[in-house]
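Notes follow the structure.
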Amino acid sequence: MGALDLSFFNRELITNFLWNGFVFSVELTLVAMAGGILLGTLLALMRLSDRSWIALPAAAYVNTMRSIPLVMVILWFFLLIPFLTGRPMGAEWSAVITFTAFEAAYYSEIMRAGIQSVSRDQVHAGNALGLTYAQTMRLVILPQAFRNMLPVLLSQTIILFQDTSLVYAIGAYDLLRGFSTAGRNFNRPVEAYLLAAVVYFVISFSLSSAVKQLQARIAIAR
Amino acid sequence: MQFRWEWEVFLRDTGGGETYLDWMISAWGWTLTVSACSWVVAVLAGSVVGTLRTTPSAWLGRLANAWVELFRNVPLLVQIFIWYHVIPSLYKPLQEVPSFILVVLALGFFTSARIAEQVRAGIQSLPRGQREAGLAMGLTLAQTYRFVLLPMAFRIVIPPLTSESMNIIKNSAVAFAVSISELTMFAMQAQEETSRGIEVYLAVTGLYMATAFAVNRVMAFFEARLRVPGYVGSDH
């Protein structure tokens, strides 16, 4: 059994290999979260519409995204975006678009549950006060739906953060790619992958512990 | 820009005496095999770990908790790399093991953390009186689990198992990273070799969706057969 040699892990390694990848993973997560929640909320509102020509396309989009492996979705976008726009697009930008579009489907399911968790009487109350549909949604329903679902939305974001490692498939330079490149350059893949696992674990575990605490606090406030 | 379908691409020879269609079918077989084997590993490990989390033993519970947190907080792709690059070099006998087995263990254990959560929730959803009744009748703890708690818990756990089973098929796509010749690997290589990415991806995506749908139907059948009368979703 070969002993682990972590001596290559120093400041230089972090600045040369890991930092850029880490920053990209975080950026990708945050942009896809913001865009995904926004798009997902729109999709959820569409799905809850009484008009089938609005509800059906949204349902089809969400169900399609949810039934395809994420890696295939990443490959699809990487192939289709240059094909449709006629211009090549870097793996990083392609990843940002893909994750926003993909996560929107998952966030929309959460927001749909959130909207449905708000009592129907509140819609009626909004209507009775003379609010338009848009006002009722924006001022009354969505803030409560968002608040009720906050822990679930954040849990989904932790999953999203872990899933960003799949941009490996199109060669984008993320945290995992940083570790694997460093491991190859220093010929220490074993240590590099172990460290990658530790870093992902520490980030995900501390975030999910924080979400658990938040959940407990929200539950008491209610 | 003018696009013309070229489905004939599947009849082209790969250069190895078989067509791309043949290759895709065998890749589908690998996807199904990896998924099925991982499912068995996941259900076995997940049931044991999930059950341990409900036993009165504190340290067994902590051990099971650690298992769940460990496999849930590291991305699947990283776990596959760990099984493929790290574990065999730390434990030499595993170097002889084909990468297929390593991927099955990786995907199986990854999924076992999720299944353990479902099993734990299933057992804890049973009225406390069932455990107490079992123990009061003189059954040992093991017997109480074997004859009272687990038979009920498993029937409750089937619906969430359906979605995990569909997830396993989707997650098996990550095996491309260690060169298992499954559907996603096929899609990437055939796209590169033929430049007919759209046809190739459409076919592969279709196979994934068809497989997930088939699994969904099979699980729905078991769900209906194993439903516990008197519980939500039961007709009786």
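The values are calculated or read from the model by the stated rules, or taken from the named source; none is laboratory data. Bear in mind that the values here come from a model prediction, so they are computed numbers and not experimental data. Here Cβ is always computed from backbone atoms with ideal geometry, including for glycine, and neighbour counts include all displayed protein chains. Side chains are part of the model used for accessible areas, which takes the heavy atoms of the whole protein and leaves out ligands, DNA and RNA. Shrake-Rupley method; radii C 1.70, N 1.55, O 1.52, S 1.80 Å.
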Need pairs with beta-carbon distance below 7 Å; first residue surrounded by 17 or more Cβ atoms within 10 Å (Cβ to Cβ) and within the stretch B:10-31, second basic (Lys, Arg) and not in a helix (DSSP H, G or I); sequence gap 6+ or separate chains. B:20/B:12
Out of the residues in the stretch B:74-124 that are in contact with a helix residue (DSSP H, G or I) (Cβ under 6 Å, 6 or more places away or on another chain) and of a type in the set (Ser, Thr, Tyr), which is nearest to residue B:172 (Cα to Cα)? B:111
Can you tell which of B:4, B:62 is within 14 Å of another protein chain (Cβ to nearest Cβ), exposed (fewer than 15 other Cβ atoms within 10 Å of the Cβ) and of a type outside the set (A, V, I, L, M, F, W, C)? B:4
If residue B:174 satisfies every condition in (1) closer than 29 Å to residue B:71 by Cα; (2) in contact with an Asp or Glu (Cβ under 8 Å, 6 or more places away or on another chain); (3) touching a residue at least 40 places away in the same chain (Cβ under 8 Å); (4) within 11 Å of chain A (Cβ to nearest Cβ) but one, which is the exception? (2)
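Here's the yes/no breakdown for (1) within 11 Å of chain A (Cβ to nearest Cβ); (2) in a helix (DSSP H, G or I); (3) open to solvent by 10 Å² or more (accessible area, probe 1.4 Å):
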residue: B:94; (1), (2), (3): no, yes, yes
residue: B:101; (1), (2), (3): no, yes, yes
residue: B:108; (1), (2), (3): no, yes, no
residue: B:149; (1), (2), (3): no, yes, no
residue: B:158; (1), (2), (3): no, yes, yes
residue: B:168; (1), (2), (3): yes, yes, no
residue: B:187; (1), (2), (3): yes, yes, no
residue: B:206; (1), (2), (3): yes, yes, yes
residue: B:213; (1), (2), (3): yes, yes, yes
Against the condition at pLDDT 95 or above, open to solvent by less than 50 Å² (accessible area, probe 1.4 Å) and among the small types (Gly, Ala, Ser), how does residue A:40 come out, does it pass? yes
Report yes if residue B:60 is in a helix (DSSP H, G or I), touching a helix residue (DSSP H, G or I) at 6+ places or on another chain (Cβ under 7 Å) and closer than 21 Å to residue B:179 by Cβ, otherwise no. no
Tally of residues being away from every other protein chain (no Cβ under 11 Å), in contact (Cβ under 8 Å) with a residue 24 or more places away in the chain and either surrounded by fewer than 22 Cβ atoms within 10 Å (Cβ to Cβ) or more than 19 Å from the chain's Cα centre (by Cα) (or both) across the stretch A:172-200: 6
Quick one: is residue B:125 open to solvent by 50 Å² or more (accessible area, probe 1.4 Å) and hydroxyl-bearing (Ser, Thr, Tyr)? yes
Is it the case that the stretch A:51-70 has a residue that's charged (D, E, K, R), open to solvent by 20 Å² or more (accessible area, probe 1.4 Å), farther than 16 Å from residue A:164 by Cβ and away from every other protein chain (no Cβ under 14 Å)? yes
Number of positions in the stretch A:113-170 that are of a type in the set (Gly, Ala, Ser) and surrounded by 18 or more Cβ atoms within 10 Å (Cβ to Cβ): 5
